[in-house]
1. Considering only residues that are closer than 23 Å to GLU86 by Cβ and either touching a Cys at 6+ places or on another chain (Cβ under 7 Å) or of a type in the set (Lys, Arg) (or both), look in segment 45-74 and name the one that is modelled with the lowest pLDDT.
2. What do you reckon, is GLN42 in a helix (DSSP H, G or I), at pLDDT 85 or above and under 13 Å from the mean Cα position of the chain (by Cα)?
3. Which condition breaks for ASN60 when tested against (1) outside any helix (DSSP H, G or I); (2) out of contact with any Asp or Glu (no Cβ under 8 Å at 6 or more places or on another chain); (3) surrounded by 15 or more Cβ atoms within 10 Å (Cβ to Cβ); (4) not basic (Lys, Arg)?
4. Got at least one residue in segment 76-84 being charged (D, E, K, R), free of Cβ contacts under 8 Å to residues at least 40 places away in the same chain and either surrounded by fewer than 17 Cβ atoms within 10 Å (Cβ to Cβ) or assigned to a helix (DSSP H, G or I) (or both)?
5. Looking at ALA95, is it outside any helix (DSSP H, G or I), among the small types (Gly, Ala, Ser), over 21 Å from LYS22 (Cα atoms) and touching a helix residue (DSSP H, G or I) at 6+ places or on another chain (Cβ under 7 Å)?
6. Could you please find all residues in segment 93-106 being closer than 10 Å to CYS40 by Cα and surrounded by fewer than 17 Cβ atoms within 10 Å (Cβ to Cβ)?
Amino acid sequence: MKMYRMLCLAAALALPILALAKLPFTNAGFGQVEGILDFCAQADAQNAPKYQEQKKSLANEVPEKEVEEARKTQEYRDGYDSTTDELAKAPKEQAVMSCTNFLKGK
């Protein structure tokens with residue numbers, strides 16, 4: 001349950017920021033959200049395409065060049081790495097359950 005709360009908290013913190021900018025997040029927030037989705041795609045391989053769809057929808061209105069530039073920043077890398085490092089500490093069964101609940105919106 002703790003992991004699910006962490007996933008929701010990270011998404012909740014990042015999503016409002018996304019709505020205000022051309023790229024809908026700060027670079028750090030973008031890294032955190034993509035880190036969550038990439039982690040979930042690995043932990044829950046059965047639903048990996050759904051996580052990848054979510055990832056694409058994050059910045060579907062933003063030019064690819066801007067997205068790629070954001071991914072090259074240190075802020076993105078720090079957000080991505082810290083998120084995936086923390087999520088990797090969770091037991092696999094709990095991670096899969098949290099990720100599938102995240103997809104279901106629970």
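The values are calculated or read from the model by the stated rules, or taken from the named source; none is laboratory data. Keep in mind it's a predicted model, so treat the numbers as computed, not measured. Quick reminder, even Gly has a Cβ in these numbers, built from the backbone with ideal geometry, and neighbours come from all protein chains shown.
1. So, considering only residues that are closer than 23 Å to GLU86 by Cβ and either touching a Cys at 6+ places or on another chain (Cβ under 7 Å) or of a type in the set (Lys, Arg) (or both), the one modelled with the lowest pLDDT is LYS55.
2. yes
3. Going through (1) outside any helix (DSSP H, G or I); (2) out of contact with any Asp or Glu (no Cβ under 8 Å at 6 or more places or on another chain); (3) surrounded by 15 or more Cβ atoms within 10 Å (Cβ to Cβ); (4) not basic (Lys, Arg) one by one, ASN60 breaks only (3).
4. No, segment 76-84 has no match at all.
5. no
6. The answer is LEU103, and nothing else.
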